[in-house]
C-alpha cells in the first residue's frame, strides 16, 4: 500500500510515498528519456506517461515510486551485514539495472561513465542504505578492496599467527603432494606421478577432475582411473560393487520408496526408488507414476503404493 504522506520516520529506501521528502530534489536518470528520476535521498520515481497497449489504445501509466532491492553480504569478522541498493527499470521492453548509489553520485555529486565497472561508489559511514550525496565516495577497485582492511572489517592474512599460517601451508602441501597413479579402462597401471599437480601438468587432464576421480572409485578423469599410491592394478569388480552400493545408498536416502502388489492387494516386492521398480518389473516409470496418481487401474498388471507395506492392502479399483 502506498503511503499518503511523506515521513522521515520511514527510511528513504522504504518510502513509496509520491510526495517529496523534506529537501528532496529529483533529476533524470541518464539514458532513459526522462521517464525515470532519481532523488538526492536515493529514491527512484517512474514519471507518468502515455502508453500504447497491444490493441493500439492509449492509456496513462501513473507515476510511481520504484523501491530498490536490498542486496546484502555477510561480514564474518564483524558478524553483521553490508548493504547495496539495486534497481531494475524497464523502458520499451528493455531492462536496465543500476546500483542506486552510482545514480545518486552521478546526478548530485559528479558525473562519470556509468558503464565503467572499474569505478565504484561507496558510503563514507559504511551504511549502504544511506545514499545522501554527502555520504558518497568515488573509489577505484583497489581502493574498494582496501577499505575493509582500513576500517577493521577484515583482517589481513599478515596479521594471522605465523606459526598457524605455516601449519596450514604445510598441511596443504602434504595433501597435494601425495603420490598418484594412472590406470587404463581395464584397471592396469600406466604411470605414477609425484602429485596430482604433476599428473595435471604432464597429461593436461584437469586437476579438479583428477581430484574427483581419486575420491570416487568408479569415476574417471580423461578416460582413466586414478588412485593414490603406486598399486599394479585396480580390481574393477570391487569398483563396480562399490558403485552399486553407492547407488543403492543414494536411492534409499533420496528415492521414493514403493511397494508392488498383485491385483488382490498382496505385497510382492519392495523398492527403494521408482526407477528401480520400473527396471525390475520391466515396465515404464511413467506407467507407475500414472497409476500412483490414480489415473490408471494398474501398471504392468500390478498395483502400486508409495512407501513400504508388509501387510495386504485393500485397493479400490474403479473403471
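Flag: residue 213 does not match the condition of being in contact with a strand residue (DSSP E or B) (Cβ under 9 Å, 6 or more places away or on another chain), within 30 Å of residue 178 (Cα to Cα), in the same structural domain as residue 195 (by the TED database) and not in a helix (DSSP H, G or I). When the criteria are applied in full, residue 273 fails the requirement of being without any contact (Cβ under 8 Å) to a residue 24 or more places away in the chain, surrounded by 12 or more Cβ atoms within 10 Å (Cβ to Cβ) and more than 26 Å from residue 217 (Cα to Cα). Might you let me know whether region 72-92 holds any residue that is in a loop (DSSP other than H, G, I, E, B) and touching a strand residue (DSSP E or B) at 6+ places or on another chain (Cβ under 6 Å)? Among the residues of region 72-92, not one is in a loop (DSSP other than H, G, I, E, B) and touching a strand residue (DSSP E or B) at 6+ places or on another chain (Cβ under 6 Å), which makes the answer no. I'd like the full set of residues that are part of a loop (DSSP other than H, G, I, E, B) and within 37 Å of the chain's Cα centre (by Cα), limited to region 277-309. Listed by number, the residues that qualify are 283, 284, 293, 294, 295, 307, 308. Take residue 312 and tell me if it is outside the structural domain of residue 244 (by the TED database), part of a helix (DSSP H, G or I), surrounded by fewer than 17 Cβ atoms within 10 Å (Cβ to Cβ) and touching a strand residue (DSSP E or B) at 6+ places or on another chain (Cβ under 9 Å). When the stated conditions are applied, residue 312 does not pass them.
Residues checked against (1) more than 13 Å from residue 29 (Cβ to Cβ); (2) touching a helix residue (DSSP H, G or I) at 6+ places or on another chain (Cβ under 8 Å); (3) at pLDDT below 90:
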position: 73; (1), (2), (3): yes, no, yes
position: 80; (1), (2), (3): yes, no, yes
position: 97; (1), (2), (3): no, no, yes
position: 107; (1), (2), (3): no, no, no
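Yes or no: residue 258 under 29 Å from residue 191 (Cα atoms) and in contact with a strand residue (DSSP E or B) (Cβ under 7 Å, 6 or more places away or on another chain)? Judged against the criteria, residue 258 is not a match.
One line per residue, one yes/no per condition, for (1) within 20 Å of residue 70 (Cα to Cα); (2) assigned to a strand (DSSP E or B):
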{"position": "127", "(1), (2)": "yes, no"}
{"position": "137", "(1), (2)": "yes, yes"}
{"position": "142", "(1), (2)": "no, no"}
{"position": "145", "(1), (2)": "no, no"}
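How many residues are at pLDDT 85 or above and either surrounded by 15 or more Cβ atoms within 10 Å (Cβ to Cβ) or in contact with a helix residue (DSSP H, G or I) (Cβ under 9 Å, 6 or more places away or on another chain) (or both) when one looks only at region 240-267? Result for region 240-267: 7. Quick one: is residue 130 exposed (fewer than 11 other Cβ atoms within 10 Å of the Cβ) and either more than 30 Å from the chain's Cα centre (by Cα) or over 16 Å from residue 73 (Cβ atoms) (or both)? Spelling it out, it is not the case that residue 130 is exposed (fewer than 11 other Cβ atoms within 10 Å of the Cβ) and either more than 30 Å from the chain's Cα centre (by Cα) or over 16 Å from residue 73 (Cβ atoms) (or both). Based on what the data block shows, is residue 32 in the same structural domain as residue 98 (by the TED database), assigned to a loop (DSSP other than H, G, I, E, B), under 22 Å from residue 112 (Cβ atoms) and in contact with a strand residue (DSSP E or B) (Cβ under 7 Å, 6 or more places away or on another chain)? Taking the combined requirement at face value, the residue satisfies it. Take the residues in region 90-116 that are more than 31 Å from the chain's Cα centre (by Cα) and surrounded by 13 or more Cβ atoms within 10 Å (Cβ to Cβ), then tell me which one is nearest to residue 34 (Cα to Cα). Ranking the qualifying residues of region 90-116, first place goes to 107.
Answer yes or no: is there a residue in region 41-58 that is touching a strand residue (DSSP E or B) at 6+ places or on another chain (Cβ under 9 Å) and at positive phi. Scanning region 41-58, I find at least one residue that is touching a strand residue (DSSP E or B) at 6+ places or on another chain (Cβ under 9 Å) and at positive phi, so the answer is yes.
The values are calculated or read from the model by the stated rules, or taken from the named source; none is laboratory data. Note that the coordinates shown come from a computational prediction; the quantities given were computed from them, not determined experimentally. Neighbour counts are summed over all protein chains in view; Cβ atoms, including those assigned to glycine, are modelled from backbone coordinates with ideal geometry.
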